[in-house]
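Here's a structure for you.
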Amino acid sequence: MIQIFFSATQYAAATVTAAIRAGQFGPREGRRRILVVSNTAAIPEVGTPLDRMSGFDRLRPEFDEVRSWNEFIYPHHPVGWSPRKQDAALWEKAVRLAWDLGDEPVEIACESIQANPSRAVAEIFADSPIHIYADGLMSYGPTRNRVPHGMTSRIVRVLHLDLIAGLRPMLLSEYGVEPEPVPNEAIVAVLDEIGAQGADLLARRLPGTDAPTAVLLGQYLSAIDLISQDEEEELHIRMVRAAAAAGHESVLFKPHPSAPAAYSDSLDAAAAQLGVRLTVLDAPVLAETVFAYLRPRLVIGCFSTALMTAAAFYDIPVARVGTELLLERITPYENSNRIPLTIIDAALPDAEHGTVGEPPRPADASDELSRLVRAVGFCMQAGKHPELRDETAAWLTAHLEQFPHYFKKRRLTSLRLPGGSPVRAEALRRNPTVRRVVRRVRAARA
């Protein structure tokens with residue numbers, strides 16, 4: 001059996017390595033394991049490939065060989081390329097020849113099946129079982145795009161990080177795919193290993209005598225058009241202010257590794273005005289390495305998954321800033337970021353107005369949080385989860401007044417759910433779909 005693991009990020013590679021070490025891909029004996037790395041950045045040539053990043057040597061022993069997807073499909077870009085349907089069999093032959101796979105059976109493990117390169121790989125190996133793994137909060141939300149039946153029938157499971165006890169992922173559940181958590185102790189052990197070199201870098205950059213006590217997590221919200229660059233800059237300043245208000249005099253700002261290389265002096269100015277010592281960590285170090293090495297007393301972010309890893313893996317107090325703005329702005333309603341945003345907003349304290357300093361206990365409210373997530377998930381993809389309609393309607397009737405910011409009136413109206421506007425007869429008469437149905441009924445009667 002040949003097992004091929006596709007990873008685009010260091011965190012993804014760590015997730016599958018943890019799953020392998022936890023025995024979730026069977027024993028090593030009788031299996032040839034290949035890690036295929038891909039760089040999905042806009043300009044891959046200027047980035048550092050996964051297999052050349054610091055700490056990769058700790059993951060390498062789990063795999064018999066490492067291949068580059070970018071090199072194999074060059075000059076195509078991994079995100080924008082997939083084979084034509086009639087060429088898929090030819091591409092499988094090409095892959096088997098190039099990687100010396102022979103005629104051996106293959107199973108693949110990949111990230112989001114809805115997008116390339118995972119979608120392309122699944123099309124090429126058209127008869128292979130597929131294991132999907134998800135390392136973020138999006139796994140708790142519904143599948144955004146339709147997946148062909150010929151592909152979903154081959155999906156074995158969804159491996160995910162168990163970041164919130166009691167919360168069950170919705171990803172691919174409409175196809176009957178069952179979720180399976182990767183043990184927390186396994187992923188933490190792997191992250192600690194690959195973070196050893198990053199810890200050395202932090203030790204040189206941050207002397208222990210004045211190490212930051214609060215960590216601020218940047219994202220790339222303006223780069224994906226959720227907010228403007230000026231608004232994202234203001235969001236970071238609000239994080240500094242919140243940390244200062246919580247009594248922290250030394251903070252570390254960690255930009256997201258995928259964020260554009262832009263840093264404004266306004267953050268420095270705000271920190272100086274507040275009497276806060278600010279350190280910007282622009283080195284390629286995982287957020288989890290920062291948590292493990294610094295052991296900060298507080299982590300502040302918007303809706304980064306790293307907020308939940310800080311709480312779940314390292315028992316560090318976390319808090320949010322700016323989620324109310326994003327909940328208002330995020331479009332369309334089906335946007336997959338809506339679920340991570342909802343979870344963070346509902347489960348974590350507001351750093352600017354709430355009480356911070358205690359590790360969150362989302363598990364204490366897991367049932368309430370689960371019902372909220374399912375209700376939002378149904379409103380995002382109602383057609384894929386009709387079994388949730390009655391539950392969602394009942395929940396909205398009882399709780400919409402308490403949680404109105406997670407739902408849009410127009411969406412509730414279109415789904416005929418509590419909280420929506422009454423449907424007027426004139427609006428129905430103007431609706432093109434209704435008019436077509438009426439014409440068909442009249443024609444049938446004639």
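The values are calculated or read from the model by the stated rules, or taken from the named source; none is laboratory data. All values derive from a computational prediction rather than experimental measurement. Cβ sites come from the backbone with ideal geometry, for glycine too, and all protein chains shown count toward neighbours.
Name the residue, out of Glu111, Glu104, that is crowded, with 21+ Cβ neighbours inside 10 Å, assigned by TED's automatic domain parsing to the domain that holds Pro179 and among the charged types (D, E, K, R).
Sole residue among the options that is crowded, with 21+ Cβ neighbours inside 10 Å, assigned by TED's automatic domain parsing to the domain that holds Pro179 and among the charged types (D, E, K, R): Glu111.
Taking the conditions exactly as written (in contact (Cβ under 8 Å) with a residue 24 or more places away in the chain, in the same structural domain as Val106 (by TED's automatic domain parsing), surrounded by fewer than 16 Cβ atoms within 10 Å (Cβ to Cβ) and not in a loop (DSSP other than H, G, I, E, B)), does Ala89 satisfy them or not?
Yes.
Output yes when any residue across segment 1-11 is of a type in the set (A, V, I, L, M), under 21 Å from Val285 (Cα atoms) and buried (at least 19 other Cβ atoms within 10 Å of the Cβ), and no when none is.
Yes; the residues of segment 1-11 include at least one that is of a type in the set (A, V, I, L, M), under 21 Å from Val285 (Cα atoms) and buried (at least 19 other Cβ atoms within 10 Å of the Cβ).
Among the candidates Val285, Val280, Val290, Val299, which residue alone is surrounded by fewer than 21 Cβ atoms within 10 Å (Cβ to Cβ) and β-branched (Val, Ile, Thr)?
Val280
What number of residues in segment 112-131 are under 23 Å from the mean Cα position of the chain (by Cα), of a type in the set (A, V, I, L, M, F, W, C) and within 15 Å of Val95 (Cβ to Cβ)?
Residues flagged as under 23 Å from the mean Cα position of the chain (by Cα), of a type in the set (A, V, I, L, M, F, W, C) and within 15 Å of Val95 (Cβ to Cβ) within segment 112-131 amount to 3.
Tell me which residues, restricted to segment 1-38, are polar (S, T, N, Q) and either modelled with pLDDT of 95 or more or under 17 Å from the mean Cα position of the chain (by Cα) (or both).
Gln3, Ser7, Thr9, Gln10, Thr15, Thr17, Gln24, listed by residue number.
Checking the structure you have, find out if any residue of segment 246-261 is farther than 30 Å from Ala8 by Cα and surrounded by fewer than 14 Cβ atoms within 10 Å (Cβ to Cβ).
yes
With (1) within 20 Å of the chain's Cα centre (by Cα); (2) touching a residue at least 60 places away in the same chain (Cβ under 8 Å) as the list, and Asp192 as the residue in question, which single condition is left unmet?
Exception for Asp192: condition (1).
Let me ask something else about it. Is it fair to say Asp64 is within 23 Å of Ala126 (Cβ to Cβ) and free of Cβ contacts under 8 Å to residues at least 40 places away in the same chain?
So Asp64 does not fit the description; no.
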